[in-house]
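Step one of this worksheet: look at the structure below.
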Ligand SMILES: [Zn+2]
């Protein structure tokens, strides 16, 4: 992984040589890594840490020396951020070599066999995937499995909640998408969008997401009244929300 070297091996010889170039005050650096400096019409400096990039965003005309001091002062914070990113990467499931896949709180056994057509079948013993080529088609076939399950379960759960609380007049339809940062979205026209990767989460978490989006049919914000309604729909929602905040990054197909 490319970003590993950023955190784990800051003193590699190749990096030391590049650090020499950066040791003047014309460029920013952190532990011998170069740091990108971006100026804009902002009032304060901010640090952004991504696996492949450390960036300082600063107001126009910020002296380089000041920006470097800012980086130095956040040494611990940067290390912690990179460590968190590293941990998150390590926790992602290796589906290509997995013998089980997470599905609505179950560890479903995964059986793969070679065939002349790609298809899946969910049976009592697990998920059977017939694939032309495992390396090439397993992930797309699993994605298809999760999407189809999402279509069935999220539609069913959403409609049940909508009917139970008499919100039929506000709900106009369901969409599924794989988004990077959002689990769900509710438009002002009453269309609810879900990230189908949520099917990898335990069922109570899925129920929380449905409650959250259905509550947006009434409140298009995250006000106290909104959360009150979520609680009415789903009394244990806080535990599920925490679970999603802490584990959401693991629900991924890569
Ligand atoms: Zn929301």
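If you stretched the chain out fully between residue 80 and residue 236, how much longer would it get, using 0.36 nm times the residue separation minus the C-alpha to C-alpha distance?
53.0 nm
What angle do you read, to the nearest 10 degrees and between 0 and 90, between the alpha-carbon axis of helix 203-216 and the longest principal axis of the chain?
For 203-216 against the chain, the angle is about 90 degrees.
Can you pull the one-decimal nm distance between simple spin-label points at residue 27 and residue 116, each 7 Å off the Cα toward Cβ?
About 5.8 nm, to one decimal.
Which three numbers, in whole Å and largest first, are the semi-axes of the equivalent ellipsoid of the chain derived from its Cα gyration tensor as √(5λ)?
Semi-axes, largest first: 42, 28, 14 Å.
Treat the count of other C-beta atoms within 10 Å as a stand-in for reagent exposure and order 114, 71 from fewest to most.
114, 71
From the helices alone, meaning DSSP H stretches of at least four residues, give me the mean residue ellipticity at 222 nm for the chain, per-run term -39500 (n - 2.57), in deg cm²/dmol to the nearest 500.
Helices in the chain give a 222 nm mean residue ellipticity of -13500 deg cm²/dmol.
Over the chain, what is the relative contact order in percent, taking alpha-carbon pairs closer than 8 angstrom and at least six residues apart?
Taking the mean separation of contacting Cα pairs over the length of the chain, I get 13 percent.
What angle, in degrees between 0 and 90 and rounded to the nearest 10, separates the Cα long axis of helix 224-233 from the longest principal axis of the Cα atoms of the chain?
The angle comes out at about 40 degrees.
What do you get for the angle between helix 13-22 and the principal long axis of the chain? Use alpha-carbon atoms, 0 to 90 degrees, nearest ten.
Helix 13-22 and the main axis of the chain meet at about 60 degrees.
Calculate, in nm to one decimal, what residue 123 and residue 191 gain on full extension: separation in residues at 0.36 nm each, minus their alpha carbon distance.
Here the segment from residue 123 to residue 191 would lengthen by 21.3 nm.
If I stretch the segment between residue 34 and residue 163 completely, what's the gain in nm (0.36 nm per residue apart, minus their alpha carbon distance), one decimal?
The residue 34-residue 163 span can extend by a further 40.8 nm.
Just so you know, all these numbers are worked out from the coordinates, no wet-lab data involved. What you are looking at is a predicted structure, and each value in this text was computed from that prediction instead of being measured. Cβ atoms come from the backbone with ideal geometry, glycine included; neighbour counts cover every protein chain shown.
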